[in-house]
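Asks: Pasting a structure here, questions to come.
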Amino acid sequence: MNPRLRALCDLLMPEVREYAGLHEYDGQVQDLSPSGVTAALARLGQGPTEPDAHDEAHLHTTEEGLRTALGLVEEHRRNPLVHIANLDLAGYDREYAPEGERQAARQRHLAAWPDAVDGAIESLDRVPAPVARALLGPVRGLGAGLDSEAASAVVDAAKQAHGRLVQHLDAIGTTGAPDVAIGADGLGRLMGDAEGIPVDLGRLAIRADAERDRVRGLLEDACTRLRPGSTPAELVAELVADHPGPEGIDAEARELIDEATAFVVGSGLLGDPGGECRVGPAPPSRRWAMAMMSWTAPFEAEAPAWFYVNPPDPTWPEEEQAEWLSVFSRTTLPAITVHEVTPGHYAHGRMLRRLRSDVRRILFSSAFVEGWAHYAEELCTEEGFRSEDPRFAIGVHVEALVRITRLAVAIGIHTGAMTMADAVHRFEEDGFLRGPAARSEAERSTFDPTYGRYTWGKLEIRALRDEARTRWGRRYRHRRFHDALLALGAPPLGLIGDALEPG
């Protein structure tokens with residue numbers, strides 16, 4: 001491996017272990033203390049240039065993105081999510097290797113918790129109080145299952161370390177600074193440097209509003225097709241109340257996976273992704289999101305992927321559980337499944353396994369990964385998936401409005417233009433979310449400031465598709481465009497134009 005790529009992997013240890021499948025990092029934790037991060041950043045860029053021009057640009061852009069995230073914005077000092085990923089043991093539950101190997105690695109990882117927690121507590125000196133409160137649940141979730149472990153010195157030390165971290169964040173949640181904003185310059189650099197694109201937040205906010213208006217028009221058309229004379233607010237509230245309940249989500253999601261895959265392959269949008277995708281709830285430390293994909297990584301042997309769908313906490317009041325379950329309604333669950341599975345994340349992950357470039361199999365732009373999956377949703381409506389049932393299009397457009405709202409809220413919160421109450425209201429008005437679902441989405445902006453990447457990535461991919469149609473004319477085919485794009489892996493948005501260049 002190019003030593004420049006190795007230096008990046010050392011700074012992205014949790015990500016490359018799970019999502020690229022570099023299990024040489026099993027049982028290890030990253031040194032996220034202030035001195036550890038400074039030393040790791042100093043090692044970036046030391047090594048040869050990649051022989052492939054696109055791979056070199058991808059490598060360089062990722063280096064710049066990490067210098068910004070950890071050097072300029074210092075996410076390891078303000079964001080506990082960085083440390084949650086570092087401590088997380090849930091990845092060892094995936095069936096990528098024999099259970100004995102995975103459990104041995106898990107024990108080594110657990111043994112490293114005390115030092116990792118000490119580094120986390122040393123680093124986490126700039127955490128805003130709302131961020132600490134929003135992530136206290138997932139931090140507590142890291143310790144789920146430790147009480148059932150066989151008693152040992154390693155487990156006892158890990159429990160004590162975990163308790164120190166919970167106590168540290170609990171205190172910050174009470175006494176920490178109230179302002180979560182990283183500022184316009186910080187957000188613009190955090191978004192743009194990792195993607196190789198200068199970001200003008202004002203212009204991006206205008207694009208977000210224009211996209212909201214476009215999608216709102218599509219939603220109104222779909223609602224009229226389903227029930228003439230109805231308004232989206234009335235109809236969506238009724239439709240999202242129709243859900244399978246916590247016991248039925250998994251079964252309906254499995255049926256949807258089969259249906260969507262058959263449509264995508266039969267319509268010539270992508271080749272058959274193959275493999276196996278299972279459905280079930282995420283480990284407790286990963287329940288901060290409602291649904292997510294855990295794919296079989298490029299460097300792993302063949303194994304099942306997981307589509308995690310997270311039911312509401314059974315201790316919540318009945319009304320709050322119903323509001324959470326509305327996310328998995330029979331109108332929105334099909335759109336979520338297309339996004340997470342095929343032609344979204346799962347299919348993308350299967351394509352990554354076929355690549356040969358180390359850079360493309362290891363380094364992933366999150367804006368491209370999420371932008372691709374979001375683009376895939378509207379692609380399916382355009383090509384006629386469930387065209388006889390307007391509920392699918394309604395679900396896609398409702399999901400799109402949630403993602404567009406994320407972009408608007410991230411810009412608003414981190415430039416100081418919005419309060420948290422404003423953000424919750426925006427999700428209720430534009431995203432049709434209610435109660436804990438709207439608050440959860442709004443609070444996510446505090447610790448995931450680039451979560452506007454879904455809409456941003458989709459917009460850039462759609463713009464490139466328009467350019468491909470112009471360039472290729474009658475030779476344009478969806479399959480040709482998608483294959484060329486995904487042959488780049490998950491490139492920074494500033495490099496996706498290389499998909500249109502010859503060989």
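Asks: Closer than 28 Å to Cys277 by Cα and modelled with pLDDT of 95 or more, is that true of Ala105?
Replies: yes
Asks: Within the stretch 384-405, take every residue that is in contact with a Ser or Thr (Cβ under 7 Å, 6 or more places away or on another chain) and farther than 21 Å from Thr261 by Cα and give me the one that is modelled with the lowest pLDDT.
Replies: Val398
Asks: Kindly establish whether Ala42 is surrounded by fewer than 21 Cβ atoms within 10 Å (Cβ to Cβ) and either more than 22 Å from Val180 (Cα to Cα) or in contact (Cβ under 8 Å) with a residue 12 or more places away in the chain (or both).
Replies: yes
Asks: With the requirement that a residue be within 21 Å of Arg330 (Cβ to Cβ), touching a Leu at 6+ places or on another chain (Cβ under 9 Å) and in contact (Cβ under 8 Å) with a residue 40 or more places away in the chain, what does the stretch 365-378 give you?
Replies: Glu378
Asks: Which of (1) surrounded by 19 or more Cβ atoms within 10 Å (Cβ to Cβ); (2) of a type in the set (A, V, I, L, M, F, W, C); (3) modelled with pLDDT under 95 is the odd one out, the single condition Ala97 does not satisfy?
Replies: For Ala97, the failing item is (1).
Asks: Determine which member of the set Ala423, Ala463, Ala408 is free of Cβ contacts under 8 Å to residues at least 12 places away in the same chain and assigned by TED's automatic domain parsing to the domain that holds Arg330.
Replies: Only one candidate passes the filter, namely Ala463.
Asks: Would you please name the residue that is farthest from His168 (Cα to Cα), looking only at residues in the stretch 98-144 that are among the small types (Gly, Ala, Ser) and free of Cβ contacts under 8 Å to residues at least 24 places away in the same chain?
Replies: By that ranking, first place goes to Gly100.
Asks: Residue under question is Arg207, and the condition is that it be touching an Asp or Glu at 6+ places or on another chain (Cβ under 8 Å), basic (Lys, Arg) and in contact (Cβ under 8 Å) with a residue 24 or more places away in the chain; does it hold?
Replies: no
Asks: Let me ask something additional. In the list Ser445, Ser387, Ser440, which residue meets the criterion of being among the hydroxyl-bearing types (Ser, Thr, Tyr) and in contact with a helix residue (DSSP H, G or I) (Cβ under 7 Å, 6 or more places away or on another chain)?
Replies: Ser445
Asks: Which members of the stretch 228-248 meet the condition of being touching a residue at least 12 places away in the same chain (Cβ under 8 Å), surrounded by fewer than 18 Cβ atoms within 10 Å (Cβ to Cβ) and not acidic (Asp, Glu)?
Replies: Ala233, Ala237, Ala241, Pro244, Gly245, Pro246
Asks: Please work out if Thr381 is polar (S, T, N, Q), at pLDDT 95 or above and farther than 23 Å from His478 by Cα.
Replies: no
The values are calculated or read from the model by the stated rules, or taken from the named source; none is laboratory data. Because the structure is predicted, anything quoted here is derived from the model rather than measured. When we count neighbours, we look across all protein chains shown, and the Cβ atoms used for this are built from the backbone with ideal geometry, even at glycine.
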